[in-house]
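The values are calculated or read from the model by the stated rules, or taken from the named source; none is laboratory data. All figures in this text were calculated on a predicted structure; none of them were measured in a lab. Here the Cβ positions follow ideal geometry from the backbone for every residue, glycine too, while neighbour counts run over all protein chains shown.
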Amino acid sequence: MSSKMDKEELKPPKVGRKDGLAKNLKGAPEDVRLGVMMWWSVAGMQVVYALVQFLANIVDPRALKTQLQEQGDGLGSMNGVLGEGDVTDHVMAMNVSMLIWMLAAAALCAWLTYRAGRGGPYSRLFLNVGSVYLALQAVLLLFGSSPNTMPVAFVLLLGILAILSGVAAMLGVWFMSRPDNSEWLGIPDSAEVEKYAEAVERRRKEERDAKKARKEAKEREDNNHPHNHSGSRPRDRR
């Protein structure tokens, strides 16, 4: 019985709601709802960012043409292989594919946000990592140089969207990590964590004591049988 209880105590505290995801955000703490709003705003800004980037590449496709040329150089020169029309088609296909991927990422962000607000621990973890990435991207943008192959208006708009996305994402992390959200999100309280830490420390102490006892028992056994270490051989009485 005690062994079963020990095993239960040694299990790490479970992260997540015991009753599973909440059906909706009704009844969620204010900070959780604010965090969800911040992350949803990030998803919305990423949609706008994708559309602006798509339009910017249509207005001035030089950046994509350069990227396509670099990719072609890795496989062999494209000069004389692709005509101007072929290059334009490839650039448009690349632009459309980028738009689709960025819109898919924004949709994934919105879906994960809804799950995180209802108590999904892994969705919240993924969004926390993504928020740090967006924040770092915004910081690097402040100290980086703007591209030379894009109209200034598009550069400014994309920069503003990137910075606002980074700020809103980190605000979402801050709101979702408030202590009052622990019960709603299923985060173990300090008492559970301390109980688990005490159980682990008690088990380590028991293992150290058992190891010490085995060592002492072996030493006593060796002392009771000194001939095992003396190396002497019994005399021949013939």
If you go through the stretch 155-163 one residue at a time, do you hit one that is more than 25 Å from the chain's Cα centre (by Cα) and modelled with pLDDT under 85?
-> no
Among all residue pairs at least 6 apart or on different chains, which show Cβ distances below 8 Å where the first residue, located in the stretch 176-205, is more than 27 Å from residue 25 (Cβ to Cβ) and hydrophobic (A, V, I, L, M, F, W, C) and the second is assigned to a helix (DSSP H, G or I) and at pLDDT below 80?
-> 199/6; 199/9
